[in-house]
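The values are calculated or read from the model by the stated rules, or taken from the named source; none is laboratory data. Since we're looking at a predicted model, the values are computed, not measured. Counting neighbours? That spans all protein chains shown, and the Cβs are built from the backbone with ideal geometry, glycine included. The accessibility values were calculated without ligands, DNA or RNA, using every heavy atom of the protein model including side chains. Shrake-Rupley method; radii C 1.70, N 1.55, O 1.52, S 1.80 Å.
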There are 2 protein chains.
Amino acid sequence: MPFQPDFAFLDKASDFFHTLQDTITTGLEEVESEFAAKKSSEAAVFHQDLWDHGDSSGIITGGGGRTRVIQNGALLEKGGVNVSDVMGTFPEDFASTMPGSSPHFRASGISLVIHPFHPLVPTVHANFRFIARLRAPETGADVESMWFGGGADLTPYYLYKEDAIHFHTTFQEVCDKHRDVVDYQELKEHCDRYFYLKHRGESRGIGGIFYDYKQDMPERMLEFTRDAGSAFLNSYVPIVRRRMIEDYTAQQKEFQLWRRGRYVEFNLIYDRGTLFGLKTGGRIESILMSLPMHVMWKYDYNPDPGSPEAALLEVLKNPVDWHKA
Amino acid sequence: MPFQPDFAFLDKASDFFHTLQDTITTGLEEVESEFAAKKSSEAAVFHQDLWDHGDSSGIITGGGGRTRVIQNGALLEKGGVNVSDVMGTFPEDFASTMPGSSPHFRASGISLVIHPFHPLVPTVHANFRFIARLRAPETGADVESMWFGGGADLTPYYLYKEDAIHFHTTFQEVCDKHRDVVDYQELKEHCDRYFYLKHRGESRGIGGIFYDYKQDMPERMLEFTRDAGSAFLNSYVPIVRRRMIEDYTAQQKEFQLWRRGRYVEFNLIYDRGTLFGLKTGGRIESILMSLPMHVMWKYDYNPDPGSPEAALLEVLKNPVDWHKA
């Protein structure tokens, strides 16, 4: 008989997300502190807010979250690394869009977005989560079905081929260790499809991996999710260290502010997690921590042909197989 | 027999929108130039882009628009005053949400958003438009049904009671002249309901008027629309002149940047016109001219109790009957 996930298994997955939050915030504070020391300025640290279910919609009825946000750092202009573990009852229209039948659910995950001040350092996003349908609303209730979802994607403002290759191959290596449950090429293509601004005809960034509704072999999916989550710092921090020591121009900074507008457009118009959170009475400030601090919308801006800015746009319109590049 | 609108009537309405665009851009350039002279800096002028129907969706098959955008002015940081007059065929899901049955349509209107640099000068939005269903796709085809829509609303960053009263009473006076077709109180309440950010529990600003699907008495509705559109400069420019000569602090400027985030949230998450434009292959840069130049999202920002910033938020959570204030 195949493994049947129970509440203890969900606890184990949720514990992992919480531990990963500690690891990631510590790792990011280290590089922030290193950069601040170099600039003889003060390093920012993550500020923590604990919250519990008192949402206004009545959908979430138990559990809560641990939001950690960093702002106005020397290196990290704004970022959040949030975990939550909540229980509740799906609204009918939402329930029918997902596998299983019981309206009672438990959902837990980690979600992070980092917007560095420095325009040569890319923005990054990752999240790892599970949703389980429970046979009854109580804690410890039987698990009817569950699935994992998540991924990580990179949004550079200036394109460095070696950075794109590093980010993709880090996650490709993780996927290759778990070929029985995931296929890198599939997850990479899913990521390209998901983080796409239809109205602009552009990808949000240079992609990464994305997966959802992974119901088969939950034990193995948790192992994959652990390895993918644990690879996050290695996928990103080496890129940060390489780029943060470079000089940049005011024009590059302006280009970054302008590109951040696209990030906002994606998150507010398309991102399923953001829109679901806003509609279901989630904690707004935790959800919208994903938006950059400073953003600019300039009318009909177009980079000069042949410029590094134009080269980035070219790649955003035509996704690349970075692991083969 | 009641008046039946024909194509010549649609032309007349569209001509009015074009003339109004001239009047409004001229009026705004005057106040921009006056302010620039005072600051001994250069005045910005509206830049014009003409575009025609070549949209990617195949929905719009004829006509075009005249986009006018001003940027980086001494007073007007970013603004657009756009007109368009297009013909096409509604997609099925959209067609069924509106009065009438023919899929062929002509739509024309003026839409404007002005974001001043100065934080004591409010942001303003107005638009006036008609949509007509045509019995056949050709120019000059019979009009099956038509309706007017539009309105104007003010988004101050700092609340001056006299400004709010001035803006509302200007449009109240227009409505009162056309009591057979509109009721100010109804349009004011419609505006409060429409420009509402559910996820924030806040109005976008202090309201104004809003109307839609006005099918009865099209001749009278055009007269009302003319008077409302023609009142725009009077509703707004006196407020601009009063506030632009005041000094402001860096903190007030920061509050403005933060509040602008709400403007972006409304336009990208809720605004029907914006979302319809993005989904149907409208000219993206004309549609998104409504977004401010510089915007800030700061985590969990809350103004000090008793501050002017807190007073504004209080009013945004509890709309006021300004014409009775």
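Assorted remarks:
- Just so you know, in region B:177-197 the residues that are within 21 Å of residue B:230 (Cβ to Cβ) and among the hydrophobic types (A, V, I, L, M, F, W, C) include one that is nearest to the chain's Cα centre (by Cα), and it is B:191.
- Qualifying residue in region B:28-44 (condition: within 14 Å of chain A (Cβ to nearest Cβ) and modelled with pLDDT of 95 or more): yes
- Filtered by the rule that a residue be open to solvent by 10 Å² or more (accessible area, probe 1.4 Å) and within 8 Å of chain B (Cβ to nearest Cβ), region A:289-303 gives A:294, A:297, A:298, A:299, A:300.
- Count - residues of region B:74-126 that are closer than 30 Å to residue B:38 by Cβ and not small (Gly, Ala, Ser): 21
- Applying a threshold of 6 Å to beta carbon distances and a minimum spacing of six or more residues, or different chains, the list of pairs starting in region B:215-227 at a residue that is among the acidic types (Asp, Glu) and ending at one that is modelled with pLDDT of 95 or more and buried (at least 18 other Cβ atoms within 10 Å of the Cβ) reads B:227/B:174.
- Which numbered condition residue A:311 fails, given (1) under 29 Å from residue A:82 (Cα atoms); (2) open to solvent by 30 Å² or more (accessible area, probe 1.4 Å): (1)
- Filtering region B:256-288 to residues that are away from chain A (no Cβ under 13 Å) and either at positive phi or out of contact with any Phe, Trp or Tyr (no Cβ under 6 Å at 6 or more places or on another chain) (or both) leaves B:272, B:273.
- Any pair with Cβ under 9 angstrom, 6 or more apart, that starts in region A:89-105 at a residue that is in contact (Cβ under 8 Å) with a residue 12 or more places away in the chain and ends at one that is open to solvent by 40 Å² or more (accessible area, probe 1.4 Å) and assigned to a helix (DSSP H, G or I): A:91/A:279; A:94/A:276; A:94/A:279; A:103/A:92
- Residue, surrounded by the fewest Cβ atoms within 10 Å (Cβ to Cβ), within region A:124-157, restricted to residues that are polar (S, T, N, Q) and modelled with pLDDT of 95 or more: A:127
- Restricting attention to region A:55-74 and to residues that are farther than 24 Å from residue A:15 by Cβ and within 13 Å of chain B (Cβ to nearest Cβ), the residue that is least open to solvent (accessible area, probe 1.4 Å) turns out to be A:73.
- Residue B:226 vs. criteria closer than 30 Å to residue B:63 by Cα, basic (Lys, Arg) and within 14 Å of chain A (Cβ to nearest Cβ): no
Let's see how each residue does on (1) out of contact with any helix residue (DSSP H, G or I) (no Cβ under 6 Å at 6 or more places or on another chain); (2) of a type in the set (D, E, K, R); (3) farther than 21 Å from residue A:224 by Cβ:
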{"residue": "A:9", "(1), (2), (3)": "yes, no, no"}
{"residue": "A:30", "(1), (2), (3)": "yes, yes, yes"}
{"residue": "A:37", "(1), (2), (3)": "yes, no, yes"}
{"residue": "A:41", "(1), (2), (3)": "yes, no, yes"}
{"residue": "A:67", "(1), (2), (3)": "no, no, yes"}
{"residue": "A:86", "(1), (2), (3)": "yes, no, yes"}
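- Subset of region A:75-97 that is under 16 Å from the mean Cα position of the chain (by Cα) and more than 14 Å from every other protein chain (Cβ to nearest Cβ) - its residue that is most open to solvent (accessible area, probe 1.4 Å): A:84
- Under the condition of being acidic (Asp, Glu) and buried (at least 19 other Cβ atoms within 10 Å of the Cβ), the residues counted in region A:30-54 number 1.
- Among the residues making up region A:301-325, a single one is touching a strand residue (DSSP E or B) at 6+ places or on another chain (Cβ under 7 Å) and outside any helix (DSSP H, G or I): A:319.
- Residue B:106 vs. criteria charged (D, E, K, R) and crowded, with 24+ Cβ neighbours inside 10 Å: yes
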